[in-house]
Amino acid sequence: MDTSDKGFSTKLIHGGDFQDELGSAVTPIYQTSTFSFKNVEHGANLFSGEGQGYIYTRLGNPTIEALESKLAQLENGFGGIALSSGMAAVTTVYSAFLRQGDHMISSRSVYGPSRGVMETIFAGFGITSSYVDTSDLEEIKAAHRPNSKVLYLESPSNPTIELVDIRAASEWAHKNGMIVVVDNTFCSPVLQKPLDLGADVVLHSVTKFINGHADIVGGALVAKREDHAKLLKKTMAMMGGNMDPHQAYMVQRGVKTLEIRVLRAQKNAALIAEYLENHEEVDWVMYPGLASFPQKELVQKQMSGPGAMMSFGLKGGFEAGVTLMNHVKLALLAVSLGGVETLIQHPASMTHAGLSREARTEAGITDNLVRFSVGIENVEDLIDDLEQALEKVGALKAV
Ligand code: LCS
């Protein structure tokens, strides 16, 4: 259904639904790899692009297209593309917009593998990249070279919760002939719409808030312009990063509750951030909803709420982080984020343990940083869990 003139909640429920002859209330799973043609002429017509229909699931499938259409409507974009993972979305964007000799500007605190794949695989194809503090437009400008083609942003960033002024950065980038891509995973379209702020392409790890139930891995791209949407779709189809029909069905089911999940998790997060900020074992809390948040004017300008992701620093440093991880009982000690269940992780001892301290510091990851993805449990239970684990952290000093 086309819900472009409807409200966001209506788009979530009905946007893009595939209407079949049986009147199914939910888009069915077309779990098929291929579609038969009525005759040779029909096949030729579809292959030429003149006829409407399906050929092969990597190129298009009704279940996947229903999700793609919904995501495009949610992000106010022209075309949506569903992919097998967030990283498939990242590599599809890089492959579509960058060629040998081109340069990309990105954030020093971008999701690690988004930088890693560029600096290994794409660097091998002759593409260069710079990683700067994108919260400062002057740093972005200073990184510009005559061959800069893509500005790749993440706001808020993972896990440092740094924001980029998407409108200002997009205006500058467009004047310099660059394409602007924004990874909107941390906000979801409930809280931020990068295309409305001037970006060209929005990217999601659908694994996170959009699906929201920690049961699939997926990615998505939404382009504002028709030519970009076509180029991205063609690149995805050639490279083979398509989503699977069953995966698309799961996301369709999960995304319907996106708004109520995000708003509820955000409510919990605001209370937890305040609790942490007042805790004697906690040195600092980085949460866009706090009065102490350094970029709070930007939150007001481009986000409709502070979200459910935060990071905080423990006064006791690395050891305190390890102790907290080993004593939480309700929060799951796990990577990923944006699910209904609360997840906690300590990058210095877990995900980033393999990096040198210098490399971690460059990415803004201090030894005491804890990342917290707040879920939709009862907030009192989450605070009780943190309280008992932080008591163990406090006991370290007595030893
Ligand atoms: N972009 C962001 C901001 C992410 O956080 C992730 C994954 C990706 C892209 C890649 O998406 P994927 O291929 O995993 O669907 N973030 C993860 C994290 O913080 N912990 O585990 C994965």
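As an exercise: evaluate ALA89 against (1) part of a helix (DSSP H, G or I); (2) surrounded by fewer than 23 Cβ atoms within 10 Å (Cβ to Cβ); (3) within 15 Å of the ligand (Cβ to nearest atom) and give the number of the one condition it does not meet. Just one mismatch for ALA89, condition (2).
Set side by side, the residues THR32, THR63 differ, and just one is open to solvent by less than 70 Å² (accessible area, probe 1.4 Å), assigned to a helix (DSSP H, G or I) and more than 15 Å from ALA237 (Cα to Cα), which is THR63.
Anything in region 206-227 that is without any contact (Cβ under 8 Å) to a residue 60 or more places away in the chain and more than 13 Å from the ligand (Cβ to nearest atom)? List them, or say none. Result: ASP227, single match. Among the residues making up region 331-340, those that are assigned to a loop (DSSP other than H, G, I, E, B) and either loosely packed, with under 15 Cβ neighbours inside 10 Å or in contact (Cβ under 8 Å) with a residue 12 or more places away in the chain (or both) are ALA331, VAL335, SER336, LEU337, GLY338, GLY339, VAL340.
PHE78 meets all of the listed conditions (1) touching an Asp or Glu at 6+ places or on another chain (Cβ under 7 Å); (2) within 16 Å of the ligand (Cβ to nearest atom); (3) not acidic (Asp, Glu) but one, namely (2).
Let's see how each residue does on (1) under 30 Å from THR134 (Cα atoms); (2) β-branched (Val, Ile, Thr); (3) under 23 Å from the mean Cα position of the chain (by Cα):
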site: PHE8; (1), (2), (3): yes, no, yes
site: LEU12; (1), (2), (3): no, no, yes
site: GLU50; (1), (2), (3): no, no, no
site: ILE55; (1), (2), (3): no, yes, no
site: LEU71; (1), (2), (3): yes, no, yes
site: PHE78; (1), (2), (3): yes, no, yes
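In region 341-365, of all residues being more than 16 Å from the ligand (Cβ to nearest atom) and open to solvent by less than 70 Å² (accessible area, probe 1.4 Å), the one that is nearest to GLY112 (Cα to Cα) corresponds to ALA359. Only one entry of ILE383, ILE344, ILE365 meets the criterion of being among the β-branched types (Val, Ile, Thr), modelled with pLDDT under 95 and within 30 Å of ASP215 (Cβ to Cβ), and that entry is ILE365. Against the condition assigned to a helix (DSSP H, G or I), farther than 14 Å from HIS279 by Cβ and open to solvent by less than 50 Å² (accessible area, probe 1.4 Å), how does ARG371 come out, does it pass? Spelling it out, it is not the case that ARG371 is assigned to a helix (DSSP H, G or I), farther than 14 Å from HIS279 by Cβ and open to solvent by less than 50 Å² (accessible area, probe 1.4 Å). All conditions in (1) surrounded by fewer than 16 Cβ atoms within 10 Å (Cβ to Cβ); (2) within 16 Å of the ligand (Cβ to nearest atom) hold for ALA25, with the sole exception of (2). Output the residues belonging to region 35-60 that are farther than 16 Å from LYS234 by Cα, in a loop (DSSP other than H, G, I, E, B) and not small (Gly, Ala, Ser). Matches in region 35-60: PHE35, PHE37, LYS38, ASN39, GLU50, GLN52. The single condition from (1) under 30 Å from THR207 (Cβ atoms); (2) open to solvent by less than 40 Å² (accessible area, probe 1.4 Å); (3) at pLDDT 95 or above that THR10 fails is (2).
Reported count of residues in region 108-131, each being among the β-branched types (Val, Ile, Thr) and at pLDDT below 95, is 1.
Among the conditions (1) away from the ligand (no atom under 16 Å from the Cβ); (2) touching a helix residue (DSSP H, G or I) at 6+ places or on another chain (Cβ under 9 Å); (3) touching a residue at least 24 places away in the same chain (Cβ under 8 Å), LYS397 misses just one, which is (2). Filtering GLU274, GLU259, GLU297 for residues that are of a type in the set (Asp, Glu), open to solvent by less than 60 Å² (accessible area, probe 1.4 Å) and either outside the structural domain of GLU65 (by TED's automatic domain parsing) or in contact (Cβ under 8 Å) with a residue 12 or more places away in the chain (or both) leaves a single hit, GLU259. Taking helices (runs of 4 or more DSSP H) as the structural unit, those lying wholly within region 233-330 and holding at least 1 residues that are among the hydroxyl-bearing types (Ser, Thr, Tyr) correspond to 245-255, 258-277, 317-327. Looking across region 92-125, the residues that are open to solvent by 20 Å² or more (accessible area, probe 1.4 Å), assigned to a helix (DSSP H, G or I), within 16 Å of the ligand (Cβ to nearest atom) and not small (Gly, Ala, Ser) come down to PRO113, ARG115, VAL117, GLU119, THR120, ILE121.
The values are calculated or read from the model by the stated rules, or taken from the named source; none is laboratory data. Keep in mind the model is a prediction, meaning the values are calculated, not measured. Heads up, the Cβs are rebuilt from the backbone with ideal geometry, glycines too, and the neighbour counts pull from every protein chain shown. To get the accessible areas, we keep the full protein, side chains included, count just its heavy atoms, and leave off ligands, DNA and RNA. Shrake-Rupley method; radii C 1.70, N 1.55, O 1.52, S 1.80 Å.
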